[in-house]
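Notes to accompany the following structure.
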């Protein structure tokens, strides 16, 4: 496997699609739709120290690891990460897993933070970033409550983080900006972006 620490990896001819946005904005639904419509795109799971939880879908979104393992990976420069906790836990991406997918001839789909996008673009070429925003904080609050998976305290924390993300966001941070007013329409928009980017890359050198 090629080394990743300290290297800009710019030799791959496949795309890395990155979804970013506040918790509860619909990123999981978008990932599911992309993987269904584009079977030659592979999901790169995130690394997290949070406890494992059941999900209503079959895709593997996370690798659950201990804080000790996270520290080992972080100290070994094996993660794209800042040591910042979200909801009390660490989240990150392993560049080596991205490379494995690219080496297999697939495009990559993953989720990260705005800061993570910059780190990915420092290491990889052909990164396509898509920021998904809610129509409003009030609508995001309504959606989080309707999911009935979070306590009131957790919802307050998620909304606070969402406000921080939205207030720090600038349009020039990403390639595409999509407001998820209607999930069905947003799914079509995001998948159109994916298809368009793949066609453009094919026309260049794939």
remark   = Computed over segment 133-188, the distribution of all Cα-Cα distances in 5 Å bins, rounded to whole %, is 4, 17, 24, 23, 20, 9, 3
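Give me the Å³ per residue figure for the convex hull around the C-alpha atoms of segment 28-105. Let's see the in-between values first.
Details: hull volume 7.9 nm³, N = 78.
Spelled out: Cα convex hull of segment 28-105, divided by residues, is 101 Å³.
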query = Among the DSSP beta bridges whose two residues both lie in segment 16-204, what percent are antiparallel, rounded to the nearest 5?
reply = 15 percent
query = Which of 174, 25, 156 moves most in a GNM of the chain, Cα contacts under 10 Å?
reply = 156
key: Isotropically averaged projected area of segment 95-156, using the convex hull of Cα atoms (one quarter of hull area), nm²   = 6.1 nm²
note = Quick calc of log₁₀ I(q)/I(0), the chain, Debye, one scatterer on every Cα, no solvent, q values 0.12, 0.16 1/Å, result -0.62, -1.15
request  = Compute the Cα gyration tensor for segment 157-206, then decide on rounded, prolate or oblate, letting a ≥ b ≥ c be the square roots of its eigenvalues: rounded whenever a/c is under 1.5, prolate when a/b is larger than b/c in the other cases, and oblate in all that remain.
outcome  = oblate
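Need the full-extension length gain, residue 161 to residue 40, defined as separation in residues times 0.36 nm minus the C-alpha distance. One decimal, nm.
Residue separation times 0.36 nm, minus the Cα-Cα distance, leaves 40.2 nm.
Every read-out reported here was derived from the displayed coordinates using simple, explicitly stated rules and does not represent laboratory data. None of these values were measured; they are calculated from a predicted model.
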